[in-house]
Amino acid sequence: MAKITYIEHSGKSHTIEVQNGLTVMEGAIQNNIPGIDADCGGSMACATCHVYVKEEWFNKLPKKEDGEEDMLDMAHEPNKFSRLSCQLTVSDELEGIIVNLPEKQA
Amino acid sequence: MIDTDVLVVGAGPVGLFCVHQLGIIGLKCEVVDNLDKIGGQCIELYPDKPIYDIPAISECTGEELTNNLIKQIKPFKTNFHLNDRVEEISKKNKNWLIKTIKGKEFKASSIIIAGGVGSFEPRKFSVKECEKFEGKEVFYSVKDKTIFKDKTVSIFGGGDSALDWAIELSNNSNVKLIHRRDEFRGAESSVNKVKQLEKEGKVEILTKYQLSSIEGKNKIESIDIKHDDGNIKKIKTNYVLGFFGLIMQLGPILNWGLNLDKKHIPVNTESFETNQKGIFAIGDICTYPGKVKLILSGFHEGALAARGCFKYARPDEKLRFEFSTTSKNIQERLGVKK
């Protein structure tokens, strides 16, 4: 279980508990958090679950696998803290993580 | 006007298998898809990636699955209307009248929406002013390359489309290739070619930059691009091309009077009919309690939706359930009757 904070582009913040093993994307979808579309359902094929991970958390995450950076090329305004939230698996280590959501996903 | 029993919207795996199910119960159908090829997400997003959960097929690629489905529906000689999109629907007496953006018209007693998460459209620049120049000096695909002759063209993107056009246009235009990071994901040979062209002074490569603004009243005069470190660079350019892949948009389906739950269409699980009589939704686009977005679930949904169409197409007949193994009717339709 980890507490995850999703901050919408407007600044509206949502903090929820997400079960270990789910992804940060699934946590958002299951809790109806706006701003993450996840069109492809988590197969790293659409770049519509793009988030900006807060700097202090970014370096603690497992590195991107092949393909994630390629998909991020297609995301809306990616930056160096961009990740696809479908690739971030929740574990106790993520307790307190904060992700900012882009203005839009597409 | 094309007269048919069912119009299938979407030529992905679920739409294809639904064509099969319509065919074996003796209904005619036509298929419309926005892409220029058959296969939907399987072909557009993951043609080479493996799929492991199609029943009885331990492993296949998106392309193989598509080809097998095409083979399976061959006996029905179905017409596919590719590169087209259903725009408007209206009800007339007991039929649906359907119009596409290319102006094709269909009359059908049912519509089956197997539209995935919508139709594929190019991803666009986020910079607001781009809309003003879109189709004139900002493009997301190239239809007429002659307009770029002797002009400056700024190409954004890191995939094959961006690289291929940078190479192609470098013959007759001043090309700038701009990408958000140093690595290009396109084919290695294209990356090498572009780097060679850079050495020869035929292409200028600018990495870690993204578009930040466009200037110009009626025509583009210059663009500002922003580096990762925040620095802004001004570039004089005539044209801007963006190649950021495709995104799925529900598009006109939103205007068909269907109930929607976020981007999904709620259906009943007996026939996968929507709130509109004679309109069915199957595959990723539909939702119901327990919905799982698997291709195999879409196959089941298509089988039931096809049968749901029967009462609209043949109101005076009763559909008799038959097995393909033993039914002479089905075998005749499949052209396999011994």
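At-a-glance table
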item: Selected residue (criterion: nearest to B:Pro122 (Cα to Cα)) from residues of the stretch A:1-34 that are within 14 Å of another protein chain (Cβ to nearest Cβ) and within 10 Å of the chain's Cα centre (by Cα); result: A:Met25
item: Strands (runs of 3 or more DSSP E) within the stretch B:68-122 that include 1 or more residues exposed (fewer than 14 other Cβ atoms within 10 Å of the Cβ) and free of Cβ contacts under 8 Å to residues at least 40 places away in the same chain; result: B:86-92
item: Options B:Val142, B:Val138; residue that is in contact (Cβ under 8 Å) with a residue 40 or more places away in the chain and closer than 24 Å to B:Gln41 by Cα; result: B:Val142
item: Scan of the stretch B:282-338 for residues that are of a type in the set (D, E, K, R) and under 28 Å from A:Cys40 (Cβ atoms), ordered by number; result: B:Asp284, B:Lys291, B:Lys293, B:Glu301
item: Filter result for A:Gly41 (over 17 Å from A:Ala106 (Cβ atoms) and either within 13 Å of chain B (Cβ to nearest Cβ) or exposed (fewer than 12 other Cβ atoms within 10 Å of the Cβ) (or both)); result: no
item: Residue that is within 14 Å of another protein chain (Cβ to nearest Cβ) and either among the basic types (Lys, Arg) or within 30 Å of B:Thr326 (Cβ to Cβ) (or both), where the choices are B:Asp48, B:Asp53, B:Asp5; result: B:Asp53
item: Among residues of the stretch A:44-75, those that are within 13 Å of A:Asn100 (Cα to Cα) and surrounded by 15 or more Cβ atoms within 10 Å (Cβ to Cβ), counted; result: 8
item: Residues satisfying the stated conditions in the stretch A:52-80, i.e. within 11 Å of another protein chain (Cβ to nearest Cβ), of a type outside the set (D, E, K, R) and in a loop (DSSP other than H, G, I, E, B); result: A:Gly67, A:Met74, A:Ala75, A:His76, A:Pro78, A:Asn79
item: Cross-chain or 6+ apart pairs with Cβ under 6 Å, the stretch B:20-36 first and charged (D, E, K, R), then part of a loop (DSSP other than H, G, I, E, B) and surrounded by fewer than 24 Cβ atoms within 10 Å (Cβ to Cβ); result: B:Lys28/B:Thr4; B:Lys28/B:Asp5; B:Glu30/B:Thr4; B:Asp33/B:Leu82; B:Asp36/B:Leu82; B:Asp36/B:Asn83
item: In the stretch B:173-186, residue farthest from the other protein chains (Cβ to nearest Cβ) [restricted to those that are in contact with a helix residue (DSSP H, G or I) (Cβ under 7 Å, 6 or more places away or on another chain) and farther than 20 Å from A:Pro78 by Cβ]; result: B:Ser173
item: Selection count, the stretch A:2-38, where residues are surrounded by fewer than 13 Cβ atoms within 10 Å (Cβ to Cβ) and either among the hydrophobic types (A, V, I, L, M, F, W, C) or on the phi > 0 side of the Ramachandran plot (or both); result: 3
item: Selection from the stretch B:203-223 of residues that are over 12 Å from B:Lys176 (Cα atoms), within 14 Å of another protein chain (Cβ to nearest Cβ) and not basic (Lys, Arg); result: B:Gln210, B:Leu211, B:Ser212, B:Ser213
item: Criterion: away from every other protein chain (no Cβ under 13 Å), surrounded by 19 or more Cβ atoms within 10 Å (Cβ to Cβ) and free of Cβ contacts under 8 Å to residues at least 60 places away in the same chain - qualifying residue of A:Leu88, A:Leu84; result: A:Leu84
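For (1) within 14 Å of chain A (Cβ to nearest Cβ); (2) among the polar types (S, T, N, Q); (3) under 21 Å from B:Thr207 (Cβ atoms), each residue gets a yes or a no:
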{"position": "B:Val142", "(1), (2), (3)": "no, no, no"}
{"position": "B:Ser154", "(1), (2), (3)": "no, yes, yes"}
{"position": "B:Trp165", "(1), (2), (3)": "no, no, yes"}
{"position": "B:Glu188", "(1), (2), (3)": "yes, no, yes"}
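Okay, residues lined up against (1) surrounded by fewer than 19 Cβ atoms within 10 Å (Cβ to Cβ); (2) within 12 Å of chain A (Cβ to nearest Cβ); (3) not in a strand (DSSP E or B):
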| position | (1), (2), (3) |
| --- | --- |
| B:Ile225 | no, no, no |
| B:Lys233 | yes, no, no |
| B:Val240 | no, no, no |
| B:Thr269 | yes, no, yes |
| B:Lys277 | yes, no, yes |
| B:Asp284 | no, yes, yes |
| B:Val292 | yes, yes, yes |
| B:Leu296 | yes, no, yes |
| B:Gly302 | no, no, yes |
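Listed here are the residues, each with its yes/no results for (1) farther than 20 Å from B:Thr269 by Cα; (2) without any contact (Cβ under 8 Å) to a residue 12 or more places away in the chain.
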| site | (1), (2) |
| --- | --- |
| B:Glu301 | no, no |
| B:Leu304 | no, no |
| B:Tyr312 | no, no |
| B:Lys318 | yes, yes |
| B:Glu332 | yes, yes |
| B:Gly335 | yes, no |
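Each value in this text was obtained by applying a stated rule to the coordinates, not by laboratory testing. Only a predicted model underlies this, so the values are computations on that prediction, with no experimental measurement involved. Here the Cβ is made from the backbone with ideal geometry for all residues, glycine too, and neighbour counts use every protein chain on show.
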